[in-house]
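To keep things clear, I will list the structure first and then write my remarks on it.
The values are calculated or read from the model by the stated rules, or taken from the named source; none is laboratory data. All of these numbers come straight from a predicted model, not from anything done at the bench. Heads up, the Cβs are rebuilt from the backbone with ideal geometry, glycines too, and the neighbour counts pull from every protein chain shown.
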Amino acid sequence: MFSKYITNLEKIDNLSKSETENLKKVTEKYKFRANEYYLSLVNWEDENDPIKKIIIPQLEELEEWGFEDASNEKSYTVAKGLQHKYPDTALLLVNDVCGGFCRFCFRKRLFINKGEEVTRNFDAEIEYIKEHKEITNVLLTGGDSLLLSSKKIENLLSKLREIDHVQIIRLGSKMLAFDPFRIINDDFLIEALKKYSFKEKRIYLMAHYNHPNEITKDSITAVDKLLKAGVIISNQTPMIKGINDNPEILSSLFKKLSFIGIPPYYVFQGRPVMGNKPFIVPLEEGFSKFLKAISNVSGLAKRARYVISHSTGKIHVLSMTKETITFKYMRSFNPDNYGKFFIYKRNSNAFWYDDYDNLIETYTI
């Protein structure tokens, strides 16, 4: 059995009637969804409990701020549900639902404009991938890819494995944190992953643990099943105000992930998306906390890089001095940006790359 889903705040006994009534204003604009398992992780006696902040709406979300599509994903959409921003990578939006709706989600537009960007029939998208032999890497995401039925996942994996040039298949999912029983109790899913994660062509699961409290015994059991099925797991999380923007907490997350066999992959600067202002940490503050977090962990736990998923590419925040901050493109839509370093005068009020306008120097290695 999987956890029961909850889409009405009135079903949560731990919230008072006045809280529920006040938060209705938020859920009318930004949908709420959780499940029994994830809500069981909340310490309701702690007003600042991190799990509660991840999943329960806040009135501050209604403050007018940010953009619907901060990374301009629509400009790289080549077919409904299919993005092709970098030559070797295709991204398929396969779902517009998740095990729970993170309050800081950067794609909350999918849950508002339901069905507009997500594909249900993958034939045209598969044909596009077949025709573009430069694509070696396909990411299935959304929404949460593991909220597809297991038979549909198996069918997608089968079709992608028929394409010789597709080497890596990635599944974007937070189900290890949201509801590990989705994995523990589904042997069909495990067998499908095992069948299509070849020795020379692996399946990766891109996990989304945001806080060490999400790494429970049940979650570790699910991780173990995936690893034994030949799935490689990496973790990515945004830097989130009030949840993991404490170096000790972030360090604990990195350590626990490394202990259970999951390398930390990316820590994202929070995107300036509508409704997300209460979760955004200033960029330089976030980077400083990230550096402190990785300063006292093992090499296996400090693999994460601090990045900005910008409309122009994936930008690595490299270093800071008292006066400057240095960025480098890891991935770029414009090939001319590869290998370029950009040194700007620091701006403590910056939330996003676009907030830097005092360029000191650009150089290429």
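Figures for the structure shown
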{"read-out": "Positions within the stretch 207-230 being in contact with a strand residue (DSSP E or B) (Cβ under 8 Å, 6 or more places away or on another chain) and in a helix (DSSP H, G or I), in sequence order", "value": "223, 226, 227"}
{"read-out": "Scan of the stretch 33-59 for residues that are in contact with a Gly (Cβ under 9 Å, 6 or more places away or on another chain) and more than 19 Å from residue 180 (Cα to Cα), ordered by number", "value": "48, 53"}
{"read-out": "In the stretch 231-282, the residues that are part of a strand (DSSP E or B) and among the small types (Gly, Ala, Ser)", "value": "234"}
{"read-out": "Given (1) touching a strand residue (DSSP E or B) at 6+ places or on another chain (Cβ under 7 Å); (2) among the β-branched types (Val, Ile, Thr); (3) assigned to a loop (DSSP other than H, G, I, E, B), number of the condition residue 169 does not satisfy", "value": "(3)"}
{"read-out": "Residue in the stretch 108-122 that is modelled with pLDDT of 95 or more and part of a loop (DSSP other than H, G, I, E, B) present", "value": "no"}
{"read-out": "Any hit, the stretch 307-316, residues being at negative phi, part of a helix (DSSP H, G or I) and in contact (Cβ under 8 Å) with a residue 12 or more places away in the chain", "value": "no"}
{"read-out": "Cβ-Cβ under 6 Å pairs, at least 6 apart or on other chains, the stretch 324-337 side closer than 22 Å to residue 285 by Cβ, far side among the charged types (D, E, K, R)", "value": "325/346; 330/314"}
{"read-out": "Selected residue (only one of 335, 282 is at pLDDT below 95 and of a type outside the set (D, E, K, R))", "value": "335"}
{"read-out": "Residues located in the stretch 129-152, provided they are assigned to a loop (DSSP other than H, G, I, E, B) and either under 13 Å from residue 169 (Cβ atoms) or over 21 Å from the mean Cα position of the chain (by Cα) (or both)", "value": "132, 133, 134, 135, 136"}
{"read-out": "Looking only at the stretch 154-175, and only at residues there that are in contact (Cβ under 8 Å) with a residue 40 or more places away in the chain, hydrophobic (A, V, I, L, M, F, W, C) and more than 13 Å from residue 208 (Cα to Cα), the one that is surrounded by the fewest Cβ atoms within 10 Å (Cβ to Cβ)", "value": "157"}
{"read-out": "The stretch 229-257, subset among the β-branched types (Val, Ile, Thr) and more than 18 Å from residue 54 (Cβ to Cβ), residue surrounded by the fewest Cβ atoms within 10 Å (Cβ to Cβ)", "value": "232"}
{"read-out": "Residue 304 among the hydrophobic types (A, V, I, L, M, F, W, C), crowded, with 20+ Cβ neighbours inside 10 Å and closer than 24 Å to residue 71 by Cα", "value": "yes"}
{"read-out": "Per-region count, the stretch 256-312, residues within 25 Å of residue 334 (Cα to Cα) and among the basic types (Lys, Arg)", "value": "2"}
{"read-out": "Filter pass, residue 7 being β-branched (Val, Ile, Thr) and more than 28 Å from residue 185 (Cα to Cα)", "value": "no"}
